[in-house]
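Just so you know, all these numbers are worked out from the coordinates, no wet-lab data involved. Only a predicted model underlies this, so the values are computations on that prediction, with no experimental measurement involved. In this analysis, Cβ positions are derived from the backbone assuming ideal geometry, glycine residues included, and neighbour counts consider all displayed protein chains.
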Amino acid sequence: MHAGSARDVTLVLGGVRSGKSRYALQLAARAQRVTFLATAERLEDEEMQRKIERHRTERPQHWTTIEEPLKLAVAIGSASNCDLLLIDCLTLFAGKMLDVFEDGLAAISESIAALCAVLKAPPCSLVLVSNEVGSGVVPAFELGRRYRDLLGEIGRAFGLSPITVPEFREIGFGEWEELSWAEIESRDQDYARRWSEAYPNLQAPGGEPLEAFQSRVLTEVKHLLDLSSQRCAVVVTHAGVMRVVLRSLCGLGGQETWERTSAYCWFFRYQPGRLR
């Protein structure tokens, strides 16, 4: 978000079904006049049609809706009579570019450049929604890898600099690594129950000690804060990592930390000088 500007540009990132669209709707609801720009197409796909209708019912009826899967820069630039434009989502926009332009890198770059140009001087405040697909496994197929890379290119064009931080990985689960919860319970149901109630204070068999987990996370948090002292840093990580961060930065207790991280996601702003 461009702080201090009368026309803010906010990018909402999240995984599939993480609540990002709902969060974007909440942001947009603060404005009086809202236009919703949908990039989904009404193709002969019953599942997509049901999803479109579900999203439509979640929006206030007085909002204006525009459907444009590809020419986002033109649609944004021509928006009028609205205080805020909500674009949901850039993920489908990226897929449409691959479908239309295929290997035409010049056309794709031109489309992204046009979008970024209009975002520098938007006609109103903007909220854009996009999936985060670069934090998971490498896609098995070439098209999937191109799709992932294209979303990354769009993010970089927006001024984002995503990095992968190995130290923010989840606590090591030792003998439980890569097992389903049903498999873990079948091995020792009583210990699994006690572990779930005390996590991460109770160590998994052969797993990483809590002290070592906290040490590597907090060391990297301090490094990240030093790098981002004059900027906003968005961290997408596991609940266990967030519990360590919340305890250290916000001074939250064990039970409160668990409750704060039991939902899909949680947002907080850190003020420098409070890290213990």
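For the residues HIS62, HIS223, HIS55, what sequence is obtained by ranking on other C-beta atoms within 10 Å, fewest first?
Ascending number of Cβ neighbours within 10 Å: HIS62, HIS223, HIS55.
Between ARG187 and LYS51, how many nm apart are label points set 7 Å from Cα along the C-beta direction?
3.5
What is the Cα centroid distance between segment 170-209 and segment 20-35, reported in whole angstrom?
40
Give me THR35, THR65, THR57 sorted ascending by neighbouring Cβ count inside 10 Å, so fewest comes first.
THR57, THR65, THR35
Among MET97, MET48, which comes first, then next, by fewest other beta-carbon atoms within 10 Å?
Listing MET97, MET48 from fewest to most nearby Cβ atoms yields MET48, MET97.
Please give every one of the lysines within straight-line cross-link reach of LYS71, meaning a C-alpha to C-alpha distance under 21 Å, and leave out same-chain neighbours fewer than 8 residues apart.
LYS96, LYS120
Multiply the residue gap between GLU102 and GLN61 by 0.36 nm, knock off their C-alpha separation, and tell me the result in nm, one decimal place. Display every interim value, and only then the final one.
On the way: separation 41, 0.36 × 41 = 14.76 nm, distance 3.65 nm.
Result: 11.1 nm gained on full extension.
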